[in-house]
Each structure stands twice: as structure tokens, then as C-alpha cells.
1. Can you order the peptides 152-161, 109-118 by their average number of other Cβ atoms within 10 Å per residue, highest first?
2. Return the FRET efficiency for the residue pair ARG142, ALA39: r is the Cβ-Cβ distance, R0 is 45 Å, and the value is rounded to the nearest 0.05.
3. Sort 143-149, 127-133 by the packing proxy (mean of other Cβ within 10 Å over each peptide's residues), most packed first.
4. Given bins 5 angstrom wide, list per bin the percent of all Cα-Cα distances in segment 19-130, short to long.
Amino acid sequence: MNVEIPAAPTVDSPLAFMARVTPQLRSAVTNFETTLPAAEFVGLVSVVRSAFEKYRAKLLEFAPGVARGTALHDMMERELSASSQIPISCRRGCSGCCHYEVEITQDEAAILRDIVLGGLAIDSNRLALQAARERQSAEWRRFGSADNRCVFLAEDGACRIYEDRPSICRKHVVTTPAAACTTEGAAVAPVQVLLAEILLSAALSLENTAFGSLARMLTQSLHEDALRRSAGRSPQEKNTIMSVETKSHATLALAKGAAKREHSDKAAMLDRPLDSTVVQSDLT
């Protein structure tokens, strides 16, 4: 598996009007550029830009945070409905893609933060371990590692936040057998919806919108919430709130050290290419 992440297009790219573009959209447009007549390709790019601007304007109607993240998910579901007639093999509990690096926007992190603060228990040690990793860390290539399990994944392999799952999780479905997603080297055929890629690129391109791994973005959002809640409190109340954060950051620091040691010890084992057709991280 080759892990890819959104990036700013080059200045000479036909998608230069986007601040960030998903690798799937970049790949599709590159393919169209080489296969379509020049006039048709110019027309396609015009349509892509029009859709991008429409999505961007719509997202800006919502306040940053939960409201915008929810709007993104609603819009994503509408666009993905275009592929509803395609038979997919994804089923409750298959969960192969729930063990890879998934990146989310800060708005989506706010949704997950509220779920956690609302009482949904997660493995804080695993969250800290994953948050400590560098972007595109080789640790994510440890195929099927328990340390790579999403903190929202239930023991039976079902998603505990399915209705609020990130955009990356929503748009990643495959037509190949689900078993292929957990078989190293197996070919996996994802379903790609161009409008969904344009929408996500628009969300990533909004000014002052951060994105990163689910674990890191959630950890950051929880910390920022603790700081807000401690503001204006009595010293005793503030100490109570921040003591929880201190413990969390101590765990994160230990996890960073452990992650570095583990990476060094297993570098040789991880030095092997993985099939690029396997589920990718977009944000993979």
C-alpha cells in the first residue's frame, strides 16, 4: 500500500485554483488530460472548478466546527448516492480499512471530540500511540497490527460512530471481495466518485482548515476544549481540568518514545513495498 495525502497542486496544474487536492482527484484529472481532446479537457476542468466553487461557498455558510463538519458529511452522502447502484463488497465488520492512517479535517475532529466527551469510551493509550506517529509513518504499514485499530472500532469489527464517520471512511468502498482488503498484496478496486473528491478537496482548501491523522486531530481538539473549559474557572477547578490533560500529554510523550523505538527496531521488517491498490489514506 502506498499512502497518499492531499497536497497543493503545482502552479502549472489544471487544478491550481485549489489549495489542496485529494490524490484520487489529481490522478483522475491527470488521466483525463492524457486521454481527452484538448477542448474537451478544458471543458472538464471548467466543470470541476464550478463544482469546487459551489461546494466551497456552501461549506462557508456554516460555522467552523461541528456544524461545518456535519454539513460536509451530509453533502458527501448526497454525492456518493450517485454510486448506490454499484454493487460493493463492504459489509459491517469487515474493517480492513479501519487499520490504516485516516486523516480528517478539524471540523470532523470537533464531531468526534463531542462524541468522546459525551461518554463514548475509547482506548486513550492507543489514541496517544497513534497521535505520536509522524505523518505517513511506516508503522501504518504493519498490516493488520492491533496498534493500528481505529479507536472507534468495536471488538466485532463494527464502527461505533458509523453515522458520524469521517469523509474518508464514507467515500472508501470497494467492489473486490472484502477479504482482499486484509490480504497483503491483493488487488483492491475502490469505487471513485468524482464529485465526492471535488467536495473533499473544497473542504480541505478552506482557509484556516487544518487536517491530519484522526488520532492527532482528535487529541488536539480534546486539548483545545479543555483549555476553553478551564478559562475563567477557579484555580482549583482549573487544576482539576488540566490535570487530566497533563496525564494525557504524559501518555502521549511516552507513546512518542515508544513509537520511535518500535520504528527503529522494525525498520528492516517494514522495508517492503505494499500494493498501491489497497485502501489508501487520503487526508488519504
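1. Answer by packing, highest mean first, reads 109-118, 152-161.
2. On the way: r = 48 Å, r/R0 = 1.06.
E between ARG142 and ALA39, to the nearest 0.05, is 0.40.
3. 127-133, 143-149
4. Each 5 Å bin holds this share of Cα pairs: 2, 8, 11, 17, 19, 16, 14, 7, 3, 2, 1, 0.
Every number in this text was worked out from the coordinates using simple rules, so none of it is lab data. Predicted model, so just to flag it, every value in this text is computed and none were measured. FYI the Cβ positions are ideal-geometry reconstructions off the backbone, even for glycines, and counts take in every protein chain you see.
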